[in-house]
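To keep things clear, I will list the structure first and then write my remarks on it.
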Amino acid sequence: MTRNRTTRTAAKSRRRFLKTVAFGSAAALVGAALPGNGTAAPSRARSRHAPAAAAAPSRPPALEAEIAKQKKSTADLLKTIRDFELPPGSEMAFVFSAVKPARRRTAPGSSRASGGSR
């Protein structure tokens, strides 16, 4: 019996699915057997002297000024685009249309009957 590419791909996919199910089942069994299943790790009580959170390093003022300038520029640009009025009946900016993929062509000199190289 000759096997075509579709059945080979389906068999690989089926094997991959069965492996995933087997590993998932094994992980569930091992996880159920481990002590402390389903409980969270105990949290440490904070000491009174420890800071609540590490302070984020501050940025240089020049960097902060540049970020503010770029945010303002972006906001102005968006306002300009959103305020632009299109005349009624104008064309759309673009139209998506799906294109069929080109058919694969065999290489010159190889034939399908002779089982050419892939």
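Each value in this text was obtained by applying a stated rule to the coordinates, not by laboratory testing. This is a predicted model, so every value here is computed, not measured. Virtual Cβ from ideal backbone geometry, glycine too; neighbours counted across all protein chains shown.
Quick one: if you stick a label point 7 Å off each Cα along the C-beta vector at residue 33 and residue 92, how many nm between them?
Label at residue 33, label at residue 92, 5.8 nm between them.
Are there any GluC sites (Glu not before Pro) in segment 52-106 that are in a DSSP loop and have at most 10 other Cβ atoms within 10 Å? List them by number.
Of the GluC sites (Glu not before Pro), the ones in loops of segment 52-106 whose Cβ has at most 10 other Cβ atoms within 10 Å are 85, 91.
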